[in-house]
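J.: Quick one: this structure, given as structure tokens, is what I'll be asking you about.
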Amino acid sequence: MGNWYTNICVNGPQQSQVVAVLDELGRRAYVTPEMKGWIIVYDQETDKFDLNELESLALTISTRLSWAALASFNADDDVLWLGIYENGKLSARYASEKRDFEDGGELPLIPEVTEVLCRIFARPEKNQQVRRILRRRHGVLGFFSAFSKIRLAYLIEVLRHSDLAEALGIPGASVGFGYEYIHRGETPEGLSRGDLQKTLSG
């Protein structure tokens, strides 16, 4: 069984500001301290894998704090979905397998998604690398990645997420972690349990 997780990276605010917004909304969540300019939210309801719930929370956080938010959704390592929101507006969405979504045909083209990602993470020089990561197929050719430095495909989507994080400077704590993993005691590398703040509803 592959990874199942959702989380939201928020740019700019302090941990206490994010927790305050989540408390107002009555959310049950864990919140990291600032890492590389970003804070990560692990929310219980979004970990039930309702994209509408994830998008709604990311949009609300972005609106309340007037900052960028990146929502990540990994379903059994078969599909990686990303949503990017800036100042309360949707900027771009991405799915590694568009055919798995009813609105897949409406998703923006990869060059557009790449441009938005590189802009919000201030890595314009990574445009070509990020574009290749987003375009790379999912499938059995990913087996060869275990024996080569060249990624022909992604066997599991957490590797695509990890490659994006490395290229863009996304905190590694957003890769492979969601509410359920954190709640049962797992802690992202570089963080202690005390670094994670729970909301009042948590």
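J.: Share of Cα-Cα pairs in the stretch 4-187 beyond 26 Å, in percent?
T.: Looking at the stretch 4-187, the distances longer than 26 Å represent 25 percent of pairs.
J.: Then there's this: Which one, Y179, T114, L70, is farthest towards the positive end of the dipole of the chain when Lys and Arg carry +1 and Asp and Glu -1 on their Cβ?
T.: The residue sitting farthest along the positive end of the dipole is T114.
J.: All other residues with a Cβ under 10 Å from the Cβ of L134 taken together, and with Lys, Arg as +1 and Asp, Glu as -1, what is their net charge?
T.: My count for the surroundings of L134 gives +4.
J.: Moving to a separate point now. Of S62, S91, S16, which is the most mobile in a GNM of the chain whose springs link Cα atoms less than 10 angstrom apart?
T.: S16
J.: Length gain on complete extension for the stretch N87 to R132, per 0.36 nm per residue less the alpha carbon to alpha carbon distance?
T.: 13.4 nm
J.: Another one. Considering only Cα-Cα distances, which of the following residue pairs are longer than 28 Å: K98/K198; K36/K98; K98/K126; K36/K198?
T.: Flagged as over cut-off: K98/K198; K36/K98.
J.: Summing -39500 (n - 2.57) over the DSSP H runs of n ≥ 4 in the chain and dividing by its residue number, what mean residue ellipticity at 222 nm do you reach, to the nearest 500 deg cm²/dmol?
T.: -9000 deg cm²/dmol
J.: A follow-up question, please. If the only charges are +1 at each Lys and Arg Cβ and -1 at each Asp and Glu Cβ, what is the size of the charge dipole of the chain around the Cα centre, to the nearest 20 debye?
T.: The calculated dipole for the chain is roughly 680 debye.
J.: Please give the contour-minus-distance gain from E45 to Q14: 0.36 nm per residue of separation, less the Cα-Cα distance, rounded to one decimal in nm. Each step should come with its number before you reach the end.
T.: Details: separation 31, 0.36 × 31 = 11.16 nm, distance 2.24 nm.
The span from E45 to Q14 would gain 8.9 nm if fully extended.
J.: Tell me, in nm to one decimal, what length is gained between K198 and E180 on full extension, where the rule is 0.36 nm per residue of separation less the Cα-Cα distance?
T.: 5.2 nm
Bear in mind that the values in this text are calculations on the coordinates, not laboratory data. All values reported here derive from a predicted model rather than from experimental measurement. No Cβ is skipped: glycine too gets one built from the backbone with ideal geometry, and neighbour counts run over all protein chains shown.
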